[in-house]
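Asker: First, the structure itself, so that you have it in front of you.
The values are calculated or read from the model by the stated rules, or taken from the named source; none is laboratory data. Keep in mind it's a predicted model, so treat the numbers as computed, not measured. Ideal geometry is used to build each Cβ from the backbone, glycine not excepted, and the neighbour counts take in all protein chains shown. Ligands, DNA and RNA are stripped out before the accessible areas are found, and what is left, the full protein with its side chains, is counted by its heavy atoms. Shrake-Rupley method; radii C 1.70, N 1.55, O 1.52, S 1.80 Å.
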Amino acid sequence: MSSSPPPSSAAASPSCPKKMIALRSSDGETFEIEEAAALQSKTLENMIDEDCAGTPIPLPNVTGKILAKVVEFCSKHAEPGVDDESLRAWDAEFVNVEQATVFDYILAANFLEIPTLLNLTCNVVADMIRGKTPDEIRKFFNIKSIFSPEEEEEVRRENHWAFE
Amino acid sequence: MMGENDEEVDATVLVSSKHRELIGSQVLSCKQLCDLPDEILLRVLDCLSTRAAVRTSVLSKRWRHLSKSIPSLDFDDENFFEKSQFLNFVEGALSFRDLSPLKVFSLSCYVAEGESRVNTWIDAAVRRKVQELCLCLVVEIDRPVEYTLPYGVFRCETLVKFHLEMFYNFRVPSEVCLPNLKVLTLDFVGFVNDISFEKLLSCPSLEELSLKSCRCGQIEVLNIGAPNLLKLSIFEPEFFAGLNRHCQLRIHGVRIKSLRYHGQYGGGDHTISCPSSLVEAVIVAFYPAEENPDRCADRVFKLLKGFSNVERLTLFYEGLWDMNEREDLLDSFPVFRSLTRLKFDISPVYLDCRALQVMLSQSPCLRSLVFARGLIEDSEMDGWTLDPVPECFLSSLKEVRICNFKAEDFELSAVRVLLGTAEVLEKFFIHCSRHYRENFQGSLMKHVMKLPRASDRCAISLEFGEKCSGCSRKI
């Protein structure tokens with residue numbers, strides 16, 4: 001019935017329109033993102049000038065497909081008044097995608113320095129590892145293991161304590 | 001590759017701040033886990049338990065190499081059935097791990113008497129330039145004396161965060177050099193009356209300090225000298241004589257922004273002197289049962305005076321009303337010049353209490369007023385109202401919140417008074433307790449909406465249910 005009061009440090013006062021930043025992906029697509037959302041990325045934060053006109057920031061390392069999702073993530077996380085539980089549910093849905101896409105999110109989050117997205121995606125991968133036997137992990141991620149018999153023996157000796 | 005002006009440019013990602021251009025090498029994309037760079041795989045390993053992370057060493061040569069430099073080590077003897085298993089695991093992990101810098105070292109275990117192994121482990125962490133050290137040690141000694149941590153801990157240049165939980169006395173060596181320590185939390189630790197302890201509390205980079213249930217019984221004056229301290233939290237559970245009743249707390253850092261004090265404020269001359277930089281204070285002070293009301297009034301006056309510069313104040317102190325009969329104190333009540341948010345955690349608050357009215361009158365910029373455990377008006381006079389109306393009610397008070405509302409008559413009367421006097425009010429929240437139906441039949445909302453409002457912009461919200469959204473408290 002009642003909503004929680006807005007945070008005292010609101011991004012923009014009601015009288016001014018929200019500042020939009022334009023981003024351009026590797027394949028030439030342009031995306032608009034609110035300044036508050038863009039500030040989730042430390043890389044973008046360093047590049048946003050106060051007095052610069054709205055020329056698109058080129059991001060030749062990120063495709064349009066991924067950049068669109070990154071913009072979506074940052075915008076959601078900059079939304080005021082979202083409670084923790086629903087945000088977590090939204091995050092879970094966001095990363096409910098195939099492996100390769102998660103890796104692309106990780107790389108984009110790492111490059112753009114978005115700690116929330118990076119933590120989320122790394123945890124997703126960790127979840128995929130957790131609880132699996134080494135063989136299962138190798139199969140799941142297609143890891144080629146080329147240990148010689150001596151090396152394998154050495155590895156076994158080295159970490160037997162981790163398997164007890 | 002060639003840059004804009006035909007100069008040789010390194011084919012890595014460059015940011016030219018002047019032109020805001022990124023000259024990248026190629027699109028960042030990969031299909032397989034093993035295509036991710038080492039730094040990212042280490043991050044992933046950091047999300048796993050130490051055991052799971054180390055087990056990945058068998059996956060491949062690369063993973064063997066990576067698992068030897070996992071950023072964090074976390075050991076908890078509760079995860080092991082037998083002590084010997086735990087010991088083997090820790091020793092194995094420490095000899096397995098290379099000497100690359102350690103981000104986090106966390107150890108939680110029982111320490112048998114004369115056990116020097118734990119100190120060896122802690123030393124191993126210090127040698128690996130640990131940044132965050134978290135120790136929860138239970139020392140099994142018959143006669144509780146002192147436990148000596150390795151001195152290397154107190155000279156660790158890379159240490160940024162240190163958490164120590166150890167229900168024993170510990171001595172700080174005379175040489176303390178922690179130039180990068182930013183966060184220090186001490187739980188249940190006992191300190192001997194020692195200058196070195198103050199050295200620990202004076203670290204040059206220290207920003208956050210938390211003392212929880214610490215015992216410093218002998219100390220008369222606790223000097224918290226950290227010059228860059230921003231946040232201080234002191235917690236003593238009820239009936240726990242942690243700090244000496246006569247202990248004076250002196251905060252020397254002039255940058256402190258936030259103070260949380262939860263304890264028995266009120267013994268003797270227990271003073272908290274704070275610089276004017278303080279923005280936020282949360283004070284939960286238990287009423288010392290054996291003191292006389294006059295002394296309590298003096299004390300709460302002194303307390304409030306000390307915090308008269310804050311912007312946000314949360315107060316739990318049942319003895320506030322002891323000031324009601326003290327004209328001398330009420331006449332010289334401090335002005336809370338910067339106070340914008342005032343929250344009372346007292347159960348309940350009496351609106352007709354003189355001391356409260358004086359406090360409100362002396363808070364000219366107040367914007368938000370919260371009564372987390374209810375508000376009542378006990379004047380027993382029909383149509384009682386605030387007289388004079390506090391200045392902030394006429395010019396700045398925009399928001400009022402009442403929690404744990406049981407809809408009793410004297411609560412409804414208090415609501416009536418607030419609505420009838422706050423002229424610029426914009427939001428009035430009431431969070432109703434589960435039991436309000438015992439006191440009120442019919443539509444509460446309708447009743448409240450009918451009450452005369454001094455502000456025509458005031459929106460009224462009623463909230464029901466167990467959890468109060470404003471103060472995250474379950475009613």
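Asker: Within segment B:378-463, which strands (runs of 3 or more DSSP E) (wholly inside it) include 1 or more residues that are among the hydroxyl-bearing types (Ser, Thr, Tyr)?
Answerer: B:459-463
Asker: Do we find that B:Asp322 is modelled with pLDDT of 90 or more and of a type outside the set (Phe, Trp, Tyr) in this structure?
Answerer: Spelling it out, it is not the case that B:Asp322 is modelled with pLDDT of 90 or more and of a type outside the set (Phe, Trp, Tyr).
Asker: Which condition does B:Arg457 not pass, out of (1) under 21 Å from B:Thr340 (Cα atoms); (2) in contact (Cβ under 8 Å) with a residue 40 or more places away in the chain, if it passes all the others?
Answerer: Status for B:Arg457: all satisfied but (2).
Asker: Out of curiosity, is A:Leu120 open to solvent by less than 70 Å² (accessible area, probe 1.4 Å), within 10 Å of the chain's Cα centre (by Cα) and not polar (S, T, N, Q)?
Answerer: yes
Asker: Moving on. Any residue that is in contact with a strand residue (DSSP E or B) (Cβ under 6 Å, 6 or more places away or on another chain), outside any helix (DSSP H, G or I), more than 7 Å from chain A (Cβ to nearest Cβ) and among the aromatic types (Phe, Trp, Tyr) - is there at least one of those in segment B:78-89?
Answerer: no
Asker: What do you reckon, is B:Asp352 touching a helix residue (DSSP H, G or I) at 6+ places or on another chain (Cβ under 7 Å), surrounded by fewer than 22 Cβ atoms within 10 Å (Cβ to Cβ) and either free of Cβ contacts under 8 Å to residues at least 60 places away in the same chain or in a loop (DSSP other than H, G, I, E, B) (or both)?
Answerer: When the stated conditions are applied, B:Asp352 does not pass them.
Asker: Are there any pairs with C-beta distances below 7 angstrom linking a residue in segment A:40-61 that is within 12 Å of chain B (Cβ to nearest Cβ) and closer than 12 Å to A:Lys19 by Cα to a residue that is at pLDDT 85 or above and open to solvent by less than 20 Å² (accessible area, probe 1.4 Å), with the two at least 6 apart or on different chains, and if so which?
Answerer: A:Ile48/A:Ile21; A:Ile48/A:Ala38; A:Gly54/A:Ala22
Asker: Identify, from the list B:Glu463, B:Glu423, B:Glu411, the residue that is within 14 Å of chain A (Cβ to nearest Cβ), of a type in the set (Asp, Glu) and out of contact with any Lys or Arg (no Cβ under 8 Å at 6 or more places or on another chain).
Answerer: Selected residue: B:Glu463, the only one of B:Glu463, B:Glu423, B:Glu411 that is within 14 Å of chain A (Cβ to nearest Cβ), of a type in the set (Asp, Glu) and out of contact with any Lys or Arg (no Cβ under 8 Å at 6 or more places or on another chain).
Asker: Has segment A:121-129 got any residue that is under 18 Å from B:Lys61 (Cβ atoms) and not β-branched (Val, Ile, Thr)?
Answerer: Taking every residue of segment A:121-129 in turn, none turns out to be under 18 Å from B:Lys61 (Cβ atoms) and not β-branched (Val, Ile, Thr).
Asker: Just to verify a result, which residue in segment B:31-70, among those that are assigned to a loop (DSSP other than H, G, I, E, B) and under 21 Å from B:Thr120 (Cβ atoms), is farthest from the other protein chains (Cβ to nearest Cβ)?
Answerer: The residue in question is B:Ser69.
Asker: Another question, then. Consider segment B:36-69. How many of its residues are farther than 20 Å from B:Phe86 by Cα, basic (Lys, Arg) and modelled with pLDDT under 95?
Answerer: 3
Asker: Could you tell me whether any residue of segment B:370-378 is aliphatic (A, V, I, L, M) and open to solvent by 50 Å² or more (accessible area, probe 1.4 Å)?
Answerer: So far as segment B:370-378 goes, no, none of its residues is aliphatic (A, V, I, L, M) and open to solvent by 50 Å² or more (accessible area, probe 1.4 Å).
Asker: Which one of these does B:Val400 not meet: (1) among the hydrophobic types (A, V, I, L, M, F, W, C); (2) open to solvent by less than 20 Å² (accessible area, probe 1.4 Å); (3) without any contact (Cβ under 8 Å) to a residue 24 or more places away in the chain?
Answerer: (3)
Asker: Can you find, within segment B:432-460, the residue that is modelled with the highest pLDDT among those that are small (Gly, Ala, Ser) and open to solvent by less than 30 Å² (accessible area, probe 1.4 Å)? So that I can check it myself, show each step before the final result.
Answerer: Here is the first cut: in segment B:432-460, the residues small (Gly, Ala, Ser) are B:433, B:442-443, B:454-455, B:459.
With open to solvent by less than 30 Å² (accessible area, probe 1.4 Å) added as a condition, the list becomes B:433, B:455.
Values: B:Ser433: 87, B:Ser455: 93.
Among those that are small (Gly, Ala, Ser) and open to solvent by less than 30 Å² (accessible area, probe 1.4 Å), it is B:Ser455.
Asker: For segment B:48-86, how many residues meet the condition of being within 12 Å of B:Leu107 (Cβ to Cβ) and surrounded by 16 or more Cβ atoms within 10 Å (Cβ to Cβ)?
Answerer: So the answer is 7.
Asker: State all residues of segment A:124-145 that are among the aliphatic types (A, V, I, L, M) and either within 24 Å of B:Phe89 (Cα to Cα) or more than 7 Å from chain B (Cβ to nearest Cβ) (or both); if no residue qualifies, say none.
Answerer: Answer for segment A:124-145, where residues must be among the aliphatic types (A, V, I, L, M) and either within 24 Å of B:Phe89 (Cα to Cα) or more than 7 Å from chain B (Cβ to nearest Cβ) (or both): A:Val124, A:Ala126, A:Met128, A:Ile129, A:Ile137.
Asker: While we're on this one: Residues that are touching a Cys at 6+ places or on another chain (Cβ under 7 Å) and either more than 10 Å from chain B (Cβ to nearest Cβ) or surrounded by 15 or more Cβ atoms within 10 Å (Cβ to Cβ) (or both): does segment A:84-92 have at least one? Can you show your working first?
Answerer: Taking segment A:84-92 and keeping what is touching a Cys at 6+ places or on another chain (Cβ under 7 Å), we get none.
No, because not a single residue in segment A:84-92 is touching a Cys at 6+ places or on another chain (Cβ under 7 Å) and either more than 10 Å from chain B (Cβ to nearest Cβ) or surrounded by 15 or more Cβ atoms within 10 Å (Cβ to Cβ) (or both).
Asker: Sticking with this one: Counting only residues that are at the interface with chain B (Cβ under 9 Å from one of its Cβ atoms), of a type in the set (A, V, I, L, M) and either open to solvent by 10 Å² or more (accessible area, probe 1.4 Å) or not in a helix (DSSP H, G or I) (or both), how many does segment A:93-117 have?
Answerer: Looking only at that region, the number is 2.
Asker: Identify, please: which residue in segment B:253-310 is at pLDDT below 75, of a type in the set (Ser, Thr, Tyr) and outside any strand (DSSP E or B) and is, among those, least open to solvent (accessible area, probe 1.4 Å)?
Answerer: Among residues in segment B:253-310 that are at pLDDT below 75, of a type in the set (Ser, Thr, Tyr) and outside any strand (DSSP E or B), the one least open to solvent (accessible area, probe 1.4 Å) is B:Tyr265.
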